[in-house]
Structures are given as structure tokens and as C-alpha cells.
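Throughout, read-outs are computed from the coordinates displayed, never taken from laboratory work. Nothing here was measured: the structure is a model prediction, and the numbers come from that model. Here the Cβ positions follow ideal geometry from the backbone for every residue, glycine too, while neighbour counts run over all protein chains shown.
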């Protein structure tokens, strides 16, 4: 397996485009609608937010995915189409416009939105622009880049990746684009993410692979503790790689899932690193846990802790924040077996051993925590299980960004 260029267009038979159509009326230079299309029908699946308040596109996608088939995805930024007048009607109108332009059933089109909640989606500007979007479709890295830019809101960088692997003796490619910067907390993966592959795999197996993958990638990141109304991660598999179709959890399924996880973890880390106002990517690895669930619970609690985030922002080796977050995580463990270290490209420092503080070099610790990528390494001394989760620090800029997000 190797990482390659091409993003969402890396796999055979996928095209994409991005365009400014007028959803973002105050940012005329920003692309705000993306379109992803396969040359043929795809096995398709998606996972969505666990928030009880769900945006209209999610309800539409759940209906359209009932048969496990899709061929195109249209997504807009600048308006969430959540808790908004005519929500489902407008989401269906987007699908219908794409279907008409491509000559496919509207039920084979998926739709996503991201942006401000509660405002009516200006669907006509999207409908009017669909023919131009279709004319711009290309199978290229530039097209993936354009689509990735079109789904950005408070993101400061686009998020895309692609991998190439072998499945059943055939070369298979997987690619994806994502957006996510705020309202990110483990509970599916708070974001929009669109994944494509030319692997031949049944709808049942692609759904199983996506759920398994989301649980160890998008469900292990946190920026601010909020779970959005619009969280969607969907995957399209068009089968053009020519491998024997995967219809059960066999060796080929394992090969595919390994690549899908590598792709998803890469995109998840990009989102955590680009948290609103963030200066640091926080990686918390818990080892020596009694079981993986305990390790995950502890790691999630640490990367979600506001006080731990604040300490990392201040480059303050306040390891007490880490133990405190572990203690209220709900996991059962013996605090007197816990060791904690901080690490980065600048080095490593042990700050706690068997639940007790150590004398350590404060200057070295500060240097370590000043790096962009910071690791919190925990050993629980109770078993062999491990888990890694990702988050970011919290800064003054987070408040600035969200204090006037709507206005």
C-alpha cells in the first residue's frame, strides 16, 4: 500500500468539480458547491451524525441509500440546510438537478450541506449552476482539489488523500476529500467526508468496512466537544478495478479495509490538526490498557479535555490535567500504575511514573510542547491493549471564530 496523488479522483472512473455559485454571497471568490460523479453505478454506504437534530440532506441520503446504490454526490458549503424552511424539499431539488444533467435517477444522487444552521438554502443558485458544474467534471488531481476547496467553511486548508493497494491480486485505488474544523467530537466523525474507490465490493460489505473504519478514525478525533447536525461520511465503490467482487469478510476484505483505514486516519488527522484556531495537533496514545475499549475511552477523554487543550496551547507540561481527564473518563483503572510522557520532534520527557510526579526539565518540556505535533503518551500498566486518538489545543482564536460565526 502506498499514498498517491489524485484525491477523490484517484480511483478509476471518478470525476469531480467545484464552483462558486452564490451560496456564499459574502465570499465571492470562494467555491461553494462540489460535485463528484462515477462513470457507472456504485455500491454505496454512509454513516451519519448521532445528533438527534439532523440536517435535511441526511434524511434524503438515508432514503436514497436504501438500495445500497449511488452514482453522484453534490455538496454545498455556506449553508447547512439544517432546521431550515423547505429543507428536505431543497435537498431533493439539488439531487433532481444533478440527475437531470447526468441523465440518471434522482435516487442515485447523494447530497450534503455544511455551514450556518437555520437559514433557507438558496437552492435556485445551485440548480442553475449544475449544468456548468457538470461541464467542469474532470478526472484529475486539480478537479479533486477544486471539490475539496468547495466544501470548506472555517477550514484553513483543504483535506484530501489517496492510496493504492492490492486487493485479490488487482491494483485498487481509494481517495477522499473532507472538511472539518469546528463542531468536531467523537460520535461518528463530525465533518463531511466523501470517499471513492474502484474496488469491486458489495453494498453490504462496503457498509461494514465503512463502519469499522469510522470507529478507528473519525470516531477518534475531537476539536471542541460539539457534534454537528450534518456529519456525513459516504463512500462510493464502482468496481472498475476488476477484482473479484468482495461479498464476505475474507482476505480481500481485510486488504481493502486496511487501505480504507489508512486513508480515513490520514483525513481524520488533517481535520484534528486544522481545528478552529488550533496551533497544535495533539496525539494521545494509550498503551498497557486492560482492553482496547478502556484505552479508547481514556484517550478520547484526554484529547477532549478543555484544560488539557489549554495546557498544550500554553506549552505547559501540566500532566495533572491528563490524569484528571483519565479519572473522569468512566474507565476503570489503577491510577498508581499510570506513567505519562510528552513527546514531539524536539524530544521526549517523562513527567509522571506510577501516578506520581517526577522532577523533570521544564525548559525541555516547554520546547517539546512548542512543536506543532505534540504527543501525550500514557502507559496504564494493566494489559496489552492500545489506542490512539487525535485532537488539538484550544486558543483565543477559537472564541473569535465562533463568537460571530453566523453574522
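Distance from the alpha carbon centroid of the range 82-124 to that of the range 208-222 works out to 26 angstrom. Where does helix 87-102 land angle-wise versus the long Cα axis of the chain, in degrees 0 to 90, nearest 10? The two axes meet at around 60 degrees. Considering only 370, 308, 114, the mean-square fluctuation computed in a Gaussian network model of the chain, springs between alpha carbons under 10 angstrom, is largest for 370. How big is D for the range 281-403, in µm² s⁻¹ as a whole number, if Stokes-Einstein is applied with the Kirkwood radius of its Cα pairs at 37 °C and 0.692 mPa s? Translational D for this selection: 230 µm²/s. Listing 73, 58 from fewest to most neighbouring C-beta atoms within 10 Å gives 58, 73. What does the extension gain come out to for residue 364 and residue 212, with contour length at 0.36 nm per residue minus their alpha carbon separation? Gain in length upon complete extension: 50.8 nm.
Relative contact order for the range 281-403 using alpha-carbon pairs under 8 Å, separation at least 6, rounded to a whole percent? Don't skip to the end; give the middle numbers.
Numbers: 267 pairs, mean separation 53.6, N = 123.
Averaging sequence separation for qualifying contacts and normalising by length gives 44 percent for the range 281-403.
For the pair residue 244/residue 135, report the inter-label distance in nm, with labels modelled 7 Å from Cα in the Cβ direction. Using points 7 Å along Cα→Cβ, the separation is 4.7 nm.
Full extension of the chain segment joining residue 52 with residue 306 gains 89.0 nm, where the gain is 0.36 nm per residue of separation less the Cα-Cα distance.
Compared with the rule-of-thumb size 2.2 N^0.38 Å for a compact globular protein, the chain has a Cα radius of gyration ratio of 1.00.
If eta is 1.306 mPa s and T is 10 °C, what Stokes-Einstein diffusion coefficient results for the range 56-211, Kirkwood Rh from Cα pairs, in µm²/s? Value of D from the Cα-based Kirkwood radius: 95 µm²/s. Hey, in the GNM for the chain with a 10 angstrom Cα cutoff, which one of 77, 305, 135 fluctuates hardest? Result for the chain, Cα springs under 10 Å: 135 fluctuates most. Between residue 128 and residue 316, the contour length at 0.36 nm per residue exceeds the Cα-Cα span by 62.4 nm. Arranged from fewest to most other beta-carbon atoms within 10 Å of their beta carbon, 71, 341 become 341, 71. Largest mean-square fluctuation among 260, 136, 192, in a Gaussian network model of the chain whose springs join Cα atoms under 10 Å apart, belongs to 136. Rounded to 0.05, the FRET efficiency of the residue 332 and residue 30 pair, given R0 = 60 Å and the Cβ-Cβ distance, is 0.80.
Fewest to most neighbouring Cβ within 10 Å: what's the order for 23, 265?
Ascending Cβ contact count within 10 Å gives the list 265, 23.
Just how far, in whole angstrom, is the range 10-49 from the range 341-401 if you go by their alpha carbon centroids? Value for the Cα centre distance between the two parts: 37 Å.
With respect to the chain, whose longest principal axis is taken over its alpha-carbon atoms, helix 123-135 is tilted by about 80°.
Annotation: the antiparallel percentage among DSSP beta bridges lying fully within the chain is about 70. Relative to the longest principal axis of the Cα atoms of the chain, helix 292-304 runs at roughly 90 degrees.
Here the relative contact order of the chain, from alpha carbon pairs under 8 Å that lie six or more residues apart, stands at 17 percent.
For the range 1-64, a/c is not less than 1.5, where a ≥ b ≥ c are the root eigenvalues of the C-alpha gyration tensor, and a/b does not top b/c. That puts it in the oblate class.
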